[in-house]
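*Asks:* First the structure, then my questions, so here it is.
Just so it is clear, none of the values below were taken in a lab; they were calculated from the coordinates. If you're wondering where the values come from, they're calculated on a predicted model, not measured in any experiment. FYI the Cβ positions are ideal-geometry reconstructions off the backbone, even for glycines, and counts take in every protein chain you see.
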Amino acid sequence: MARVVLAIAAAALVGAALPSPGLFVALGLGIAAAGGGWLGYRRPGPGFARLAGAAAIALGTLACLLGALRVVLALAALDRIDRLLG
């Protein structure tokens, strides 16, 4: 499970760098990675699984923040265009 969650977190970070639908991919996969990482971190087991869970939480949260930043920037740009035209 640890490797799968890390792969989801990496895909979320890649999605944050992609054009238009990438921000939604980053938000969705980031939430999934953070949730899966939390489950992996809370499960008693070897050190790698817990460390990978913590890394997935961090990367998933970063991807969510980057996706949310892109949404905020798009809304700010639309507001600015509206003020220029109105």
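*Asks:* Across the range 1-24, what is the number of residues that are assigned to a helix (DSSP H, G or I), in contact (Cβ under 8 Å) with a residue 24 or more places away in the chain and under 18 Å from LEU39 (Cβ atoms)?
*Replies:* Total meeting the criteria: 9.
*Asks:* Just a yes or no: is a residue in the range 72-86 under 14 Å from the mean Cα position of the chain (by Cα) and assigned to a helix (DSSP H, G or I)? Steps first, answer last, please.
*Replies:* Kept after step one, since they are under 14 Å from the mean Cα position of the chain (by Cα), are these residues of the range 72-86: none.
Within the range 72-86, not a single residue is under 14 Å from the mean Cα position of the chain (by Cα) and assigned to a helix (DSSP H, G or I).
*Asks:* OK, next. Go through the range 46-65 residue by residue and tally those that are assigned to a helix (DSSP H, G or I) and surrounded by fewer than 20 Cβ atoms within 10 Å (Cβ to Cβ).
*Replies:* Of all residues in the range 46-65, those assigned to a helix (DSSP H, G or I) come to 47-65.
Then keep just the ones that are surrounded by fewer than 20 Cβ atoms within 10 Å (Cβ to Cβ); that gives 47-51, 54-55, 58, 61-62, 65.
Looking only at that region, the number is 11.
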